[in-house]
Structures are given as structure tokens and as C-alpha cells.
Amino acid sequence: MMTSASAQWARAPVGRHHRPGRVVARASSKGGRHPRDVGKISALLDPTPTSSTVTAGGEDILGEVPADRPLSYKLERKEGGGVGSSHPDAVRRRLRSERRKEKRRMIYDAGLEWWQVVKDCSSNMHIAECSDEYYYALRLARAAGRDAVVQYFSPRCGACKEEAVHCAQVAFENPGLDFIRVRADTCMAVIESHGITKVPWVQFLKAGDLSPVKEGLRLSSLEDIVRIPKGLVAAEGQEQHCVLGECSIDEIEGFETLLQAINL
């Protein structure tokens with residue numbers, strides 16, 4: 001039995017199977033409860049769920065911001081439902097995501113192949129689907145006094161598809177170079193003139209030259225004259241390639257993976 005209302009705390013029963021309960025409230029000196037304590041107790045005992053947008057302090061994070069309050073970034077209701085942050089970084093991320101979705105939709109609607117997609121990743125990348133297009137791209141590079149990286153590929157070569165992603169990254173890192181991607185199965189005159197027997201194959205040509213100063217299987221073989229992003233040099237599968245004429249006749253799978261790799 002409580003001897004003094006002003007000196008005792010209301011506690012949960014303590015016994016063998018009970019732990020000490022949490023203090024709920026303290027009686028006032030007049031024997032009643034302070035109105036503020038009563039409000040806290042009511043909040044604890046009220047089983048009515050609150051809105052997910054209302055903070056513990058009773059503030060609605062979607063509500064109006066008072067004019068005298070310092071700048072803050074609240075959630076905003078979006079069209080069609082849902083909420084989104086108004087922070088500038090969050091807005092930029094949403095815009096980038098929307099642009100990627102739109103570009104991906106256009107790629108699928110246009111029915112583009114994987115090797116046609118990567119040419120849009122950097123303005124200094126070009127695709128040559130015939131020998132005339134190859135020599136035209138070289139003439140443009142020569143007229144501009146730019147060195148060129150030529151990469152030969154086959155649409156049916158899995159290693160070429162992997163290297164296409166690397167080419168997009170390397171081209172972005174080297175805006176002063178032209179990157180010419182040559183489709184081997186439709187540019188046989190160029191292939192035969194250079195004696196190329198396997199793909200992927202890459203060459204570095206100085207401005208105005210038709211003979212490469214260096215060549216190899218992968219772009220990483222040019223690391224001493226071309227800026228290569230970290231990680232590509234140590235990438236696995238450096239020696240994987242396809243012998244021309246023996247490439248797989250099956251369609252390359254994982255088109256979705258390629259789009260993700262080039263951030264589309």
C-alpha cells in the first residue's frame with residue numbers, strides 16, 4: 001500500500017517471473033498528476049497508429065514549412081503517389097534515373113544490337129560497318145591531327161562484348177583520341193590488309209599513319225600510351241578471344257547486363 005502519493009512511483013509488479021517495470025509517472029505534491037504527465041501517459045497507452053509522416057514530436061514531415069524556419073529539405077508528394085526528397089542531390093539522382101530509363105526504352109524500341117549501343121557512350125567513338133567507313137573515320141582523324149585507337153570486333157564474340165564496355169570507359173578517359181570500332185565480319189578488306197586472325201584486336205595509329213605503332217588483344221595492352229582506368233589492366237580474361245570464322249553462331253545473351261555496365 002502506498003504511504004505517500006507525493007513520494008512514491010508507480011511501478012510494475014516485481015516477482016520471480018517479472019522484471020522491474022518502467023516508471024510511468026510521478027504524482028504531484030497535491031496528489032494529482034501533472035497535465036503534462038497525463039498527456040505522456042495517454043500517448044503511451046493510446047493504441048491508435050499514427051501517420052508514417054508524423055515524427056515523434058508531432059511534426060508532419062510533409063506539412064508546410066514556416067517562413068521563419070531555416071532552410072530544410074522535406075519530403076514532397078510526387079504525382080501518382082509516393083514521396084521524394086527535395087534535396088538537390090536527390091533531385092539530380094531522380095533526373096539521371098529518368099533519363100537512363102528513357103534512353104533504355106529508346107534502345108529497345110529501335111531494336112539496336114549491343115555493339116551499336118556503346119557508340120553513344122562517348123562522342124569520340126565511331127563504328128565502321130564497312131571498309132569505306134573505316135577509311136573515312138581515319139581521314140577525319142588525320143584532318144583533325146588526332147591519334148586513333150582501332151578496335152576490331154565480331155557481333156558473335158563474347159570477349160568482344162566485354163571489351164566493348166571497356167572501350168566506352170577508355171574513350172571517355174581519353175577525349176583527345178578517336179576510337180574506331182571495326183566490325184570484322186563486314187570489313188574483310190581491312191582485316192586482310194592488317195593480317196588480323198582473332199578478335200577482339202586493338203591497334204594504336206598515329207595521326208596520318210595506316211600502320212599501327214602498337215597492337216594487341218585488349219585495350220590494356222596500350223596502357224603505356226593510352227590512359228586506362230584503374231581495374232581494367234588487372235581485369236580477368238585478358239587472353240580470351242575468338243578466332244575469326246569460328247565465333248559462336250548463337251546470339252549474345254545478357255543484353256540487360258551490358259546496359260547496366262554502361263550505366264543505361
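The values are calculated or read from the model by the stated rules, or taken from the named source; none is laboratory data. Being a predicted model, the structure only gives us computed values, none of them experimental. Neighbour counts run over all protein chains shown; Cβ positions are idealised from the backbone, glycine included.
Within the stretch 152-163, the residues that satisfy the criterion of being over 22 Å from the mean Cα position of the chain (by Cα) and over 17 Å from His126 (Cβ atoms) are Ser154, Arg156, Cys157, Gly158, Ala159.
A residue that is in a helix (DSSP H, G or I) and surrounded by fewer than 20 Cβ atoms within 10 Å (Cβ to Cβ) can be found somewhere in the stretch 153-160. Here Arg181 does not qualify as at pLDDT 80 or above, of a type in the set (Lys, Arg), over 18 Å from Asp132 (Cα atoms) and within 29 Å of the chain's Cα centre (by Cα). Would you mind finding the one in Val117, Val91 that is at pLDDT below 90 and buried (at least 18 other Cβ atoms within 10 Å of the Cβ)? Just a single option satisfies the conditions, and that option is Val117. Only one entry of Gly176, Gly245, Gly231 meets the criterion of being farther than 19 Å from Glu133 by Cα and either part of a strand (DSSP E or B) or modelled with pLDDT of 90 or more (or both), and that entry is Gly176. In the stretch 164-173, the qualifying residues are those that are at pLDDT 85 or above and of a type outside the set (Gly, Ala, Ser), and the one that is nearest to the chain's Cα centre (by Cα) is Gln169.
Looking across the stretch 173-208, the residues that are over 14 Å from Ala141 (Cα atoms) and either small (Gly, Ala, Ser) or loosely packed, with under 15 Cβ neighbours inside 10 Å (or both) come down to Glu173, Ala184, Met188, Ala189, Glu192, Ser193, Gly195, Thr197. Report, by residue number, each residue of the stretch 135-146 that is touching a Gly at 6+ places or on another chain (Cβ under 8 Å) and closer than 15 Å to Ser211 by Cβ. The one that is touching a Gly at 6+ places or on another chain (Cβ under 8 Å) and closer than 15 Å to Ser211 by Cβ: Arg142.
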